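Just so it is clear, none of the values below were taken in a lab; they were calculated from the coordinates. If you're wondering where the values come from, they're calculated on a predicted model, not measured in any experiment. A quick note on method: Cβ atoms are made from the backbone with ideal geometry, for glycine too, and the neighbour counts reach across all protein chains shown.
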Amino acid sequence: NAGVMQNPRHLVRRRGQEARLRCSPMKGHSHVYWYRQLPEEGLKFMVYLQKENIIDESGMPKERFSAEFPKEGPSILRIQQVVRGDSAAYFCASSPEYRGPPHFGAGTRLSVL
Amino acid sequence: QQQVKQSPQSLIVQKGGIPIINCAYENTAFDYFPWYQQFPGKGPALLIAIRPDVSEKKEGRFTISFNKSAKQFSLHIMDSQPGDSATYFCAARPSGNTPLVFGKGTRLSVIA
């Protein structure tokens, strides 16, 4: 049973470009969470999605960031017009039901030049 | 703001020692307290978890102690090994439709 798959593992973008981060949850998991981790910092919740629905986006910046989890395919975290402050590790986690413990992917490390 | 406060920020112990990492929370509605272990360049991995109706849980060399009245919980690692060197995160789950809230992490180094 494959774990949570994130790609790409590393992503380099120049300021102003768009970044798309993908997350395929574990088989049978319908709940997806995105977290951001800055160096020497903890994990900051960004958004919680179920298939085709955003359940909680209270941790998501109001501008430039969006997330989706379509009926078919992976969940996507999209960052438009990236700035240097967006450089961080972005982790996706999935769980089989809302109250199940989330399992994390290996993360995407975004570097903005 | 629902928060979990974790200490210490970093910890160095000798091999065989018992590192203890502490977490405190404010929200009495939290009902699930997991610990995650993260190695450099990897994602966090679920290590052990406890619910507030239990005061202690052991899995192998890892033990969670939970003090509901003090709103504190801690992770103990028995007979620590250099391979335990990692960053450890405590977390708590509020009741209702809100995901896990994480502490800021403790960087543990176990030296031979």
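Of all beta bridges DSSP finds with both residues in the protein assembly as shown, what is the antiparallel percent, to the nearest 5? Taking every DSSP beta bridge within the protein assembly as shown, about 90 percent pair in antiparallel fashion. Pair-distance distribution of chain A: all C-alpha pairs, bin width 10 Å, starting at 0; shares per bin in whole percent are 16, 50, 29, 5.
Taking loop as defined by DSSP and a crowding limit of 15 other beta carbons within 10 Å, which trypsin sites (Lys or Arg not before Pro) in the range A:13-62 fit?
Answer by residue number: A:Arg14, A:Arg15, A:Lys27, A:Lys51, A:Lys62.
In this structure, the amide hydrogen of A:Ala88, modeled 1.01 Å from its nitrogen in the peptide plane, lies closer than 5 angstrom to those of A:Leu110, counting only residues at least 5 positions away or on a different chain.
Taking 31 Å as the limit for the C-alpha separation, the pairs A:Lys27/B:Lys42; A:Lys27/B:Lys57; A:Lys27/B:Lys15; A:Lys27/B:Lys71 exceed it in the case of A:Lys27/B:Lys15; A:Lys27/B:Lys71.
Qualifying trypsin sites (Lys or Arg not before Pro) in the range B:5-112, where qualification requires a DSSP coil assignment and no more than 15 other C-beta atoms within 10 Å, comprise B:Lys15, B:Lys42, B:Arg61, B:Lys68.
Is the shape of the range B:32-103 best called rounded, prolate or oblate, per the rule: a/c under 1.5 gives rounded, else a/b larger than b/c gives prolate, else oblate, with a ≥ b ≥ c the square roots of the Cα gyration tensor eigenvalues?
Judged from the Cα gyration tensor, the range B:32-103 comes out oblate (a/c at least 1.5, b/c at or above a/b).
Restrict the search to the range A:1-67; then list the GluC sites (Glu not before Pro) that DSSP places in a loop and that have at most 15 other Cβ atoms within 10 Å of their Cβ.
A:Glu18, A:Glu40, A:Glu41, A:Glu52, A:Glu63
Converting phi to 3J(HN,Hα) with the Karplus coefficients 6.51, -1.76 and 1.60 and the offset θ = phi - 60°, the range B:10-25 yields 9, 8, 10, 9, 7, 3, x, x, 10, x, 10, 10, 10, 9, 10, 9 Hz in sequence order, with x at every glycine or proline. Rounded to the nearest Hz, the phi-derived 3J(HN,Hα) couplings of the range B:60-75 under the Karplus curve 6.51 cos²θ - 1.76 cosθ + 1.60 (θ = phi - 60°) are x, 8, 9, 10, 9, 10, 10, 10, 5, 5, 8, 6, 9, 8, 9, 10, where x marks glycine and proline.
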